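The numbers here are math on the coordinates, done by the rules we state, and not lab data. Since we're looking at a predicted model, the values are computed, not measured. Using ideal geometry, Cβ is built from the backbone for each residue, glycine included, and neighbour counts are taken over all protein chains shown.
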Amino acid sequence: MRGALRWAVLGLGFLAAACVGGPRGGPPPERPPVERPRDRPADRPITPGLPQDVERHRVALLVPLSGPNAGVGKSLENATQLAILDTNADNIRITSYDTSAGAAQAAQRAIADGNRLILGPLLAEDAREVAPIARSARVPVLSFSNDTNVAGGGTFVLGYSPAQSIERVIAYAKSKGMTQFAGLVPSGLYGERSSTALLRAVESAGGTVTAMETYDSRPGSMTTALAKINRQPYQAILIAGTGANGVSAVQIIRRSPNGKAAKVLGTELWNTDSGIGRNAALNGAWFASVPDNYYLTYAGKYRARFGAAPYRLSTLGYDAVLLTVRMARDWRPGSEFPIRDLTSRSFAGLDGAFRFGRDGIADRALEVQEIRGGTVVTVSPAPAKLD
C-alpha cells in the first residue's frame, strides 16, 4: 500500500519525473573486426507482431482512438504516458490499440504482439468481446468500464461503481439522521442498477425507501415521475444520472411541500462534471465519489504537457500504470502476469485507495462531497486505506 501510494505521489510532481535516455554507446567503428564465420543457430520462425522485448513488460492499452469516443480514449492514452514518465518506469512498454474498428481484433493483435497485460477497454460491450480472447491466452484485463457484470474470469473492473457511490452517500445521510429516502432514476441499465443499489443501501442503513420512480428523455417524463414521488414523505432524494439531470429535477422538487427541505443526493457521475459546483440549484447537495485530493495537480501537469484539459475518467489510465509498476516488482518480463496477486493487496493512486475483490471489482475508498457556494467541498473524507 505504501509503495503504491509513493508512486501516486511521484505522479503528482512532488518529485521530478525522469526522462528515458537514448540508445547506449557511440557509433560503430569504421572497420569492424573480421571474425571467422560461426555455425548459425537453427533458424527461428518468422512471426507477426512487434519485436521481442526481453527487458521490459509488454502491456497493451485498448481504447477508442477514433470515432465518437476518441477524446476519452486519447485522454486515457495520454494519462498512461504521463504515468510512465512520472514513475520513470523504463521496464514497462505500453502499446496502444484502437478498439473503434473492433475490440476483438484489437485484443487479438495485442496478444499476437506478446503483451501480457491488457489495460482497457473502455466500454462494457468491448470488454465482453475481449474477455474470452484474453482468457484463452491467460492475459488479464483491467477494464475501465464501470459495468460490474463484465468482471470475473480474468477481467477486472477499474471503473467507478455506481452501487459503491450510492452506498457511501446513503450511509452518510443516515449518519446525519435521515431515514426516509426517495429515488429518481433514469430508465435503462444504469437506472436499474441504481435503484437496486438504493434499495440495498437503505435497507443496510436501517432506513426506508418511501418512493421510487423512473424518468426518460421524453418531455414531461421527469415532472410526472416527481409528481408521484412528492405524494410521499421523504427526507432525502437520490437523483441518479448526470449533474444536468440533478439541476432539472431539483427545480421541481423544491416546489413541492415534501421536497422543499429534502436533502438532494447524487451519484458518482456528478464528479465527471467539472462545473458541478457552479450550479446554484444544487447548493447543499451531497454525492460520493473518488477523492479529488490529487486531481487538480494532475490536471495541471496534464494540461502543461498535452495542451488540453484531461477527461476526469483519464485518471483510471494513470492509476492502471501505477498498479502495473507495483506489480512489476514481482513480475519477470516475458512471463505471465501474476494475476493472483491482484486480489491479495491494496493499491493507491490519484483516485485514492482501492483493491480488487475476488469478484474482480475494484472496491474503492470514496469521499462524500457537498456542493457549496459555487464550489465542491469534502464533508466526509475517504479512508486512507481499505481494511
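Observations
- Positive-end residue, the range 112-210 charge dipole about Cα centroid, Cβ charges, pick of Gly154, Gly177, Leu123: Gly177
- Ranked Ile84, Ile133, criterion: other C-beta atoms within 10 Å, fewest first: Ile133, Ile84
- Using the Cβ-Cβ distance between Asn283 and Lys228 with R0 set to 25 Å, the FRET efficiency from 1/(1 + (r/R0)^6) comes to roughly 0.45.
- Ranked by how many other Cβ atoms sit within 10 Å of their own Cβ, fewest first, the residues Asp126, Asp113, Asp98 fall in the order Asp113, Asp98, Asp126.
- Of Gly71, Gly307, Gly334, the one that fluctuates the most in a GNM where the chain has Cα springs shorter than 10 Å: Gly307
- Of the trypsin sites (Lys or Arg not before Pro) found in the range 280-387, the ones in coil according to DSSP and having at most 11 other Cβ atoms within 10 Å of their Cβ are Arg358.
- P(r) histogram, all alpha-carbon pairs of the chain included - 20 Å bins from 0, percent: 26, 51, 19, 4, 1
- Backbone amide hydrogens, once placed in the peptide plane, bring Asp90 within less than 5 Å of nothing, excluding anything fewer than 5 places away on its chain.
- Excluding the site residues themselves, the longest part of the chain lacking any GluC sites (Glu not before Pro) in a DSSP loop with at most 13 other Cβ atoms within 10 Å is 56-335.
- Cα long-axis angle, helix 189-205 against the chain (0 to 90 degrees, to the nearest 10): 70
- Between helix 70-87 and the chain: long-axis angle, C-alpha atoms, 0 to 90°, nearest 10: 60
- Alpha-carbon centroids, the range 160-183 and the range 93-116: separation in whole Å: 39
- If only the Cβ of Lys and Arg carry +1 and only the Cβ of Asp and Glu carry -1, the dipole of the chain around its Cα centre is close to 540 debye.
- Ala353 long-range amide H proximity, modeled H, under 5 Å: Ala365
- The loop-placed trypsin sites (Lys or Arg not before Pro) in the range 215-271, going by DSSP, that have at most 12 neighbouring Cβ atoms within 10 Å of their Cβ come out as Arg231, Arg255, Lys260.
- DSSP-assigned coil residues among trypsin sites (Lys or Arg not before Pro) in the range 69-174, each with at most 16 further Cβ atoms within 10 Å: Arg138
- Between the alpha-carbon centres of the range 279-297 and the range 185-252 there is a gap of 20 Å.
- Backbone geometry of the range 150-162 corresponds, through the Karplus equation with coefficients 6.51, -1.76 and 1.60 at θ = phi - 60°, to 3J(HN,Hα) couplings of 8, 6, x, x, x, 9, 10, 9, 8, x, 7, 7, x Hz, x marking Gly and Pro.
- DSSP bridge orientation in the chain - percent antiparallel, rounded to nearest 5: 35
- Distance violations [Cα-Cα > 22 Å] among Lys74/Lys385; Lys301/Lys385; Lys176/Lys260; Lys176/Lys228; Lys174/Lys260: Lys74/Lys385; Lys301/Lys385; Lys176/Lys228
- Lys, Arg +1 and Asp, Glu -1 on Cβ, resulting dipole of the range 186-330 about Cα centre, debye, nearest 20: 360
- Spatially proximal aspartates and glutamates relative to Lys263 (Cα-Cα < 15 Å; intrachain offsets below 8 disregarded): Glu370
- For the range 76-187, a crude dipole built from +1 on the beta carbon of Lys and Arg and -1 on the beta carbon of Asp and Glu, taken about the Cα centre, is about 420 debye to the nearest 20.
- By the count of neighbouring beta-carbon atoms within 10 Å, fewest first, Ser289, Ser145 end up ordered Ser145, Ser289.
- If both residues of a DSSP beta bridge must be in the range 49-140, then about 0% of such bridges are antiparallel.
- Table column - 3J(HN,Hα) (Hz), the range 100-106, Karplus curve with 6.51, -1.76, 1.60, x for Gly and Pro: 5, 8, x, 5, 4, 5, 5
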